[in-house]
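The values are calculated or read from the model by the stated rules, or taken from the named source; none is laboratory data. This is a predicted model, so every value here is computed, not measured. Cβ sites come from the backbone with ideal geometry, for glycine too, and all protein chains shown count toward neighbours.
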């Protein structure tokens, strides 16, 4: 357990099992899924930077689960989200939460201590532009943590998985035929085929940032090696977490 809070400690197999299990109820029980994910995210960020007194900008903050977790950890929480429906999914958006684009953040240069984003980048047509914006708004010495689902992972097609392995368009058509509605995550419109290698190359060549860590976000610590194997990582890491320090 972690610090007596009743949840598995970071880096353990129990944590991985709990998180992967919660994925099964993402759309049917969002309180369970997003509440667990948000608390785990705050703990994971806390492994790289102290959140007590830090100003944190969450790109794609959503309906408040992450606000609760980061505020509980002592941070001053700010959020930008491009989807008004997501912001209001649990009622009125919280304070210091604004509607805006991740590729043109309405935040001044070097304005925050930590810039964080969870599972947003695969939904952005220009992922490098959003990542660069996250660096821009982070102060020198500050930390950027960016995670996203890789396309070739078993969950790459989101609710249309695993049929995305036969193509995103086919997976979307199959989902619509089976469920009578379009998927929430629409391939080519709000879901894109983003690889791990693409953003790793971006992170390693940024002159304004140091790549502190690159790891599979949900895996136990003994499985972090998969990031170092190019072909394997695209399928096996599920979700890539990049940790960068702003120069």
_Given the options 69, 104, 82, name the one that is surrounded by 21 or more Cβ atoms within 10 Å (Cβ to Cβ) and free of Cβ contacts under 8 Å to residues at least 40 places away in the same chain._
69
*Tally, over segment 156-173, of residues that are under 14 Å from residue 238 (Cβ atoms) and surrounded by 15 or more Cβ atoms within 10 Å (Cβ to Cβ)*: 5
*In segment 205-222, which residues are touching a helix residue (DSSP H, G or I) at 6+ places or on another chain (Cβ under 8 Å) and closer than 20 Å to residue 16 by Cα?*
214, 215, 216, 217, 218, 219, 220
*How about segment 107-122: which of its residues are buried (at least 20 other Cβ atoms within 10 Å of the Cβ) and without any contact (Cβ under 8 Å) to a residue 40 or more places away in the chain?*
none
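To keep it simple, each residue is scored yes or no on (1) crowded, with 16+ Cβ neighbours inside 10 Å; (2) more than 19 Å from the chain's Cα centre (by Cα); (3) in contact (Cβ under 8 Å) with a residue 60 or more places away in the chain.
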{"position": "175", "(1), (2), (3)": "yes, yes, no"}
{"position": "182", "(1), (2), (3)": "no, yes, no"}
{"position": "192", "(1), (2), (3)": "yes, no, yes"}
{"position": "195", "(1), (2), (3)": "yes, no, no"}
{"position": "205", "(1), (2), (3)": "no, yes, no"}
{"position": "217", "(1), (2), (3)": "yes, no, yes"}
{"position": "247", "(1), (2), (3)": "no, yes, yes"}
*within 28 Å of residue 195 (Cα to Cα), surrounded by 15 or more Cβ atoms within 10 Å (Cβ to Cβ) and at pLDDT below 95 - does that describe any residue in segment 87-98?*
yes
*Tally the residues that are more than 20 Å from residue 66 (Cβ to Cβ) and either loosely packed, with under 15 Cβ neighbours inside 10 Å or touching a strand residue (DSSP E or B) at 6+ places or on another chain (Cβ under 6 Å) (or both), restricting the search to segment 10-20.*
3
*asked:* Which condition from (1) closer than 30 Å to residue 10 by Cβ; (2) crowded, with 17+ Cβ neighbours inside 10 Å is the one that residue 232 breaks?
replied: (2)
*surrounded by fewer than 18 Cβ atoms within 10 Å (Cβ to Cβ), more than 19 Å from residue 84 (Cα to Cα) and in contact (Cβ under 8 Å) with a residue 12 or more places away in the chain, is that true of residue 27?*
no
